[in-house]
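Worksheet: the structure to be examined is printed underneath.
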Amino acid sequence: MACSWTFLWLLWIAMVAVLLFFLRGPLKISESLESVSATSYFNNLTPKFYVALTGTSSLVSGIILIFEWWYFKNNAGVEQGEDEGSDNEESIDNPKTVPECKVWRNPMALFRAAEYNRFRKETNSEPLTYYDMNLSAQDHQSLFMCDEDQGRADYEIMQVAWRERESEQRIQTARTALAINSECASALVLLAEEDTETVAQAENVLRRALRAIENTLSTYSNNQIASYGQNGDTVRKRDLTIQTYIKRRLAMCARKQGRLREAIKGFRDLSREQSLSTLLSVQDNLIEACLEVQAYADVQNLLVRYDGYGTSCSYDQREPRSAAMSYTSALLKVRAVAENFRCPSESSVRRGLSSAEQTAIEALTRAMEFNPHVPPYLLEIRAMIMPPEHFLKRGDSEALAYAFFHIQHWKRIDGALQLLSIVWKDFVPKVNKDTHAFSSQLESADKELLPAWHEQSAFPQTESTLGMLIQTFACLAICILAVLSQQVPSSYGEMLRQIVTSGVQMYENSMNTFSQWAPNNIIPYLASKPVSVPEI
């Protein structure tokens, strides 16, 4: 709407001019101007005319003021960002205008051998992209390697193993490291991820890796740490990170095999270590496990602890940290009113919405504004695939990572998906220029994370400015024609005939011009067969 008002006024003036031109005969404008002079016309005006003119101008000014207030209320932040960036040639990189597309590790990532490879064997389709697996290799190198590993043969071999592109080469290299050191925890982690056929087998290998890393940590002494040099404490921190990673994967194994209490206890123990748990996003695993046992009070406490989701008013002004946080918060609010939407009828609509229902709808709307790709997967409108190992916040990859594990929690609450469907049908995203730029960046970045055979979800588009202008002018034209048919019915028919005659004349003139410009034999020339050219 920023650029539409100028065109709206210009086209309105043009329409008025065209209308006066066609009505010059019925209204006898030329005769009136000739018979009455300007001086006598203004001398005959009464005070009532000036009162009506003043009131009309005040009304028009008030309407314009209301539209200006509405426009600046909804677009003041965008214009401020444009003004600040106009003085800087690098304003396109300003995080206030275009958010950064940062790739995040999926805390709920599946086991590559026990789950992803099984899907590949069954469907003959690659569930992961090389870009996604390369990011995982970089994550493993940063978590499991350090600069003090030089001179240790097993860890040097594992540095090569994480960089290998093919899975078979990584597995073979890890086995070589185990041949040197049977207690190499990094090699055991790699084999658990990529060389096991079931989750139970992966759990057994991870338990062996946990015993190995705990033995390594228990043998540390001050003299041994000092032997690594000035950064000797880096080795211990690295081993603690490996221990935390293994414990988190063991808790995930317990969750996948139905041992929910054991999984929740493991996630809670890890969440007490703030630095490492935040790095690995253990809170997402804990929230999902608590939802599985329907411990909704614990889930609410976790939301307040990790994302500030409480009953305070500051929640409305904050942006959620992830789709899991925003949609889980919405699910808790929907759960309180879901029974009213099991079988929505006309009576429930007529009685209006209660405050709790309005709060639930507002929470769903906020969640959809953060990531609008989630509802089609929860409502099973779009086909779901296995989630990637990394995702982009507010992107299709994050929607898959959330819906793949949380759709069962929505189905468990009767009426939750019905309310989600109602809100999704009426959802209109707040889209501006920066949102379009950000959504296009997300879509292009998601193509690198999601397999090529997946039909990527697109950001919902609002009605274009051109369509709004066409509807506005069509409405104005219909109003003008209705007024003319009521006021001057006899002249209205004559005007329509004149418009139709003018249109026919314009069409005939354009066809005559085209026929004069085009050659007379253009149709036989196009219908003739091409002449074959002999080869040289």
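Observations on the model:
- In order along the stretch 390-396, the phi-based Karplus estimate (6.51 cos²θ - 1.76 cosθ + 1.60, θ = phi - 60°) of 3J(HN,Hα) comes to 9, 8, 10, 4, 6, x, 5 Hz; Gly and Pro are listed as x.
- Extension gain for F473 to E214 (0.36 nm times residue separation, less C-alpha to C-alpha distance): 85.8 nm.
- GluC sites (Glu not before Pro) lying in DSSP loop within the stretch 179-209, provided at most 14 other Cβ fall within 10 Å: E197
- Sequence of E369, E292 when ordered by accessible area, the most exposed leading, probe 1.4 angstrom: E369, E292
- Size of charge dipole - the stretch 352-431 - debye, nearest 20, with Cβ of Lys, Arg +1 and Asp, Glu -1, no other charges: 60 debye
- Ordering N181, T123, H140 by the projection of their Cα atoms onto the charge dipole of the stretch 106-184, which places +1 on the Cβ of Lys and Arg and -1 on the Cβ of Asp and Glu, puts T123 at the extreme positive end.
- Amide H contacts of H390 (H built 1.01 Å from N, in plane; Pro and chain starts excluded): N106 sit under 5 Å, all sequence-distant by 5 or more or on other chains.
- Placed amide H near R382: partners under 5 Å, 5+ positions off or other chain: Y377
- The mean accessible area for residues of the stretch 111-164, using a 1.4 Å probe and ignoring ligands and nucleic acids, is 52 Å² per residue.
- J(HN,Hα) series, the stretch 58-64, from Karplus relation 6.51 cos²θ - 1.76 cosθ + 1.60, nearest Hz, glycine and proline x: 5, 5, 5, 4, x, 5, 4
- In order along the stretch 209-215, the phi-based Karplus estimate (6.51 cos²θ - 1.76 cosθ + 1.60, θ = phi - 60°) of 3J(HN,Hα) comes to 5, 5, 4, 5, 6, 5, 5 Hz; Gly and Pro are listed as x.
- With every protein chain in place and a 1.4 angstrom probe, the accessible-area ranking of S182, S502, S322, S142, largest first, reads S142, S182, S502, S322.
The values are calculated or read from the model by the stated rules, or taken from the named source; none is laboratory data. Keep in mind the model is a prediction, meaning the values are calculated, not measured. Positions of Cβ are generated from backbone atoms using ideal geometry, with glycine treated the same way; all protein chains shown enter the neighbour counts. The accessibility values were calculated without ligands, DNA or RNA, using every heavy atom of the protein model including side chains. Shrake-Rupley method; radii C 1.70, N 1.55, O 1.52, S 1.80 Å.
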